[in-house]
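Step one of this worksheet: look at the structure below.
The values are calculated or read from the model by the stated rules, or taken from the named source; none is laboratory data. Note that the coordinates shown come from a computational prediction; the quantities given were computed from them, not determined experimentally. We place every Cβ from the backbone using ideal geometry, glycine too, and count neighbours over all the protein chains shown. The protein model used for the area step is the full one, side chains on, heavy atoms only, and it has no ligands, DNA or RNA in it. Shrake-Rupley method; radii C 1.70, N 1.55, O 1.52, S 1.80 Å.
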Amino acid sequence: MTTEAPVSAPAPVPLAGTLLKVCGATAASDVEAAAAAGADCVGLWHGVPGGPRELDRNALAALAAATRSAGLLPVLVTFLADAGELTELARRTGVGWIQLHAYQPPAVVRALRAALPAEVGIVKVLHVAPGGGGCVERPLIGAYERAGTDLFLLDTATADGRIGSTGRTLDPADVLALLPRLNRPFLLAGGLDAANRPAYGEVVRHPGFRGIDVDTAARDRATGAFGTPEIAALARAWRTGPLLPASS
């Protein structure tokens, strides 16, 4: 009986500048489009029940390898909460970050941090309800940090309970209200595109801001696949756009 060898994870992407993560790749052509447009990270879905971009283990491993070969960081995006299973996935696929996208408790982060090599980053999503509804995980932010979270990702939780790739835009005021609680860097998600970059000027100026995570706006509308022009437009807007909100 042969034993599959573990795959070494890549060195982490430096948390400097403005990182661009595009999420939900399902084919090698998606990775190629992301690389050509200047993205840094590619999100790969596994363990997202009913998710339209869900990958099985074999597809996850193959796309993680393609992402590494393109010089980008593969990110496992998951609702799974079994630290042992997640550790094994990281070991077998060589993902660089594990993004805990559901409501996994701090204990899962702690177990992962104890089991994973230091170069594998742990990203915890914080779900922010629109319309001043606050952050579901707000009371646990300190516990997540003490458990070993490397990076937070701020995303929208809709009124009907949907999380992840909702296309719903986060109110900059809701984001700014949460930032004083964070002692780790963060990525911003939630309905971001090239056009709404000026609205987030104050968020981008925050010292903890490290970049954006985009799904819908990274895709060609006709095919639904990642589009190089779409991703390049995001990179231009968010890396070089004005820091101040547009004048009214």
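Enter the mean projected area of the convex hull around the alpha-carbon atoms of the stretch 170-237, in nm², rounded to one decimal.
Taking the Cα atoms of the stretch 170-237, their convex hull projects to 4.7 nm² on average.
Report the label-to-label distance for Ala65 and Arg181 in nanometres (one decimal), using points 7 Å from each Cα along the Cα→Cβ vector.
For Ala65 paired with Arg181, the spin-label model returns 4.2 nm.
For the chain, what does the helix formula give at 222 nm: sum of -39500 (n - 2.57) over DSSP H segments with n ≥ 4, over the residue count, nearest 500 deg cm²/dmol?
-9000 deg cm²/dmol
When only alpha-carbon atoms are used, what values of Rg and Dmax, in angstrom, describe the stretch 37-139?
Expressed in Å, the Cα Rg and Dmax of the stretch 37-139 come to 14.1, 42.
With a 1.4 Å probe and all protein chains left in place, how much accessible area per residue does the chain have, in Å²?
For the chain, the per-residue accessible area is 42 Å².
In nm, give the distance between the simple-model label positions of Thr18 and Ala81, each being 7 Å from the Cα along the Cα-to-Cβ direction.
So the two model labels end up 3.6 nm from each other.
Computing the accessible area with a 1.4 Å probe over protein heavy atoms, can you report the carbon and sulfur percentage for the chain?
56
With each label point set 7 Å from Cα along the Cα-Cβ vector, what nm distance links Ala114 and Arg92?
2.3
What translational diffusion coefficient, to the nearest whole µm²/s, does the chain have by Stokes-Einstein, given a Kirkwood radius computed over alpha-carbon pairs, a temperature of 25 °C and 0.890 mPa s viscosity?
136
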